[in-house]
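The values are calculated or read from the model by the stated rules, or taken from the named source; none is laboratory data. Note that the structure is a prediction, hence the values are computed from the model and not measured. Note that we place each Cβ from the backbone using ideal geometry, even for glycine, and neighbour counts take in every protein chain shown.
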Amino acid sequence: MPADRLRRPPAGPLDRLLAALRPSALMLVARELTKEYRSGDAILRALDSVSFVIPQGAYVAIVGASGSGKTTLLGLLAGLDTPTRGSVLLDGVDLASLTEDARARVRGEKVGFVFQSFQLIPTLTALENVAVPLELRGESEALPRARDVLARVGLAGRAAHFPAQLSGGEQQRVAIARAFANHPRVLFADEPTGNLDAGTGGRVVDLLEALNRESGSTIVLVTHDAALAERASRVLRLADGRVIADTHTERAADRLAGISG
Ligand code: ADP
Ligand code: MG
């Protein structure tokens, strides 16, 4: 046995799981993720040593009370923010090893993000909003491609509308089209239905699920809505910055039955 094997600490359950899985099958690995915010002398631990693995193509809901760390966790997983301790592997890339610019490039290539407040650019039309990430990548066919994606979310007839001329549900569909325009490997959505009525919110989640099935993108959805969370194949529950439950839903069993049968 090589000497370095002897010096290494014994592998924990997460290490054994990682070793057992093909690296390419893992979309996200969180290892002992901790995020602390300092205010004056006080330190607030928003996330406390959180570890989990999300396989490629999974559909995961993150739930928990307000202040439990959901948005903080999403920001770290997406590389929008850096942890105090611990690491994130996104599609095999250790985000902590990258410069801020390199992280931004990884986000542009692999990540889509949908926010509760839509965050469309008010001075651009729906079509132009969807085209922004494509243009940032230097795609020559940005507008035709954006038109296709906008049609995919049912808004071909709203291409020339500005955000203020669209309903909340329509604005969120534009935001989803923008997030999917780059064919992201993983899509993060932070309470995307929080500003919508139940029916409209349900249709927004229908759309996320359809895109998850068709494109194979991994989906990580933060929601307050227990009914929406139940539609995911797995539910991670946070409390005080820790994962207190990690549940595979019946839907996950249905999917596995569908795959094997
Ligand atoms: P959730 O999304 O579950 O409501 P957050 O991740 O937004 O929770 O927040 C978790 C905790 O971290 C909260 O106590 C919040 O006040 C605190 N927090 C979040 N962002 C910051 C920040 N930028 N500075 C200081 N404290 C923060
Ligand atoms: Mg939040």
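Here are the numbers for this structure:
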quantity: Filter pass, Asp101 being surrounded by fewer than 15 Cβ atoms within 10 Å (Cβ to Cβ) and modelled with pLDDT under 95; calculated: yes
quantity: Among the candidates Arg203, Arg158, Arg185, residue that is over 23 Å from Arg105 (Cβ atoms) and in contact with an Asp or Glu (Cβ under 7 Å, 6 or more places away or on another chain); calculated: Arg158
quantity: Residues (modelled with pLDDT of 95 or more and among the hydrophobic types (A, V, I, L, M, F, W, C)) located in the stretch 30-42; calculated: Ala30, Leu33
quantity: Single condition Gly75 does not satisfy, out of (1) under 15 Å from Leu33 (Cα atoms); (2) part of a helix (DSSP H, G or I); (3) in contact (Cβ under 8 Å) with a residue 12 or more places away in the chain; (4) not hydroxyl-bearing (Ser, Thr, Tyr); calculated: (3)
quantity: Total residues in the stretch 88-97, condition touching a residue at least 12 places away in the same chain (Cβ under 8 Å) and more than 16 Å from the chain's Cα centre (by Cα); calculated: 1
quantity: Hits in the stretch 24-70 - residues which are under 21 Å from Ala229 (Cβ atoms), more than 9 Å from ligand 1 (Cβ to nearest atom) and out of contact with any helix residue (DSSP H, G or I) (no Cβ under 7 Å at 6 or more places or on another chain); calculated: Met27, Phe52, Ile54, Gly57, Ala58, Val60
quantity: Residue in the stretch 213-236 that is surrounded by the fewest Cβ atoms within 10 Å (Cβ to Cβ), counting only those that are free of Cβ contacts under 8 Å to residues at least 60 places away in the same chain and closer than 23 Å to His183 by Cα; calculated: Glu214
quantity: The stretch 45-74, residues that are more than 20 Å from Asn212 (Cα to Cα), within 13 Å of ligand 2 (Cβ to nearest atom), in contact with a Phe, Trp or Tyr (Cβ under 9 Å, 6 or more places away or on another chain) and not hydroxyl-bearing (Ser, Thr, Tyr); calculated: Ala46
quantity: Residue in the stretch 95-106 that is closer than 23 Å to Glu135 by Cβ and within 16 Å of ligand 2 (Cβ to nearest atom) present; calculated: no
quantity: Enumeration of residues in the stretch 71-81 that are buried (at least 20 other Cβ atoms within 10 Å of the Cβ), more than 10 Å from ligand 1 (Cβ to nearest atom) and among the aliphatic types (A, V, I, L, M); calculated: Leu77, Ala78
quantity: Test result for Glu191, surrounded by 15 or more Cβ atoms within 10 Å (Cβ to Cβ) and more than 16 Å from ligand 2 (Cβ to nearest atom); calculated: no
quantity: Matching residues, the stretch 201-248, being under 15 Å from the mean Cα position of the chain (by Cα) and part of a loop (DSSP other than H, G, I, E, B); calculated: Gly216, Ser217, Thr223, Ala232, Ser233
quantity: In the stretch 82-94, the residues that are of a type in the set (D, E, K, R) and surrounded by 16 or more Cβ atoms within 10 Å (Cβ to Cβ); calculated: Asp91
quantity: Those residues of the stretch 237-254 which are at pLDDT 85 or above and either under 16 Å from Glu209 (Cα atoms) or surrounded by 19 or more Cβ atoms within 10 Å (Cβ to Cβ) (or both), in sequence order; calculated: Leu238, Gly241, Val243
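Residues checked against (1) of a type outside the set (A, V, I, L, M); (2) touching a Pro at 6+ places or on another chain (Cβ under 7 Å):
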site	(1), (2)
Ser140	yes, no
Val149	no, no
Ala181	no, yes
Glu191	yes, no
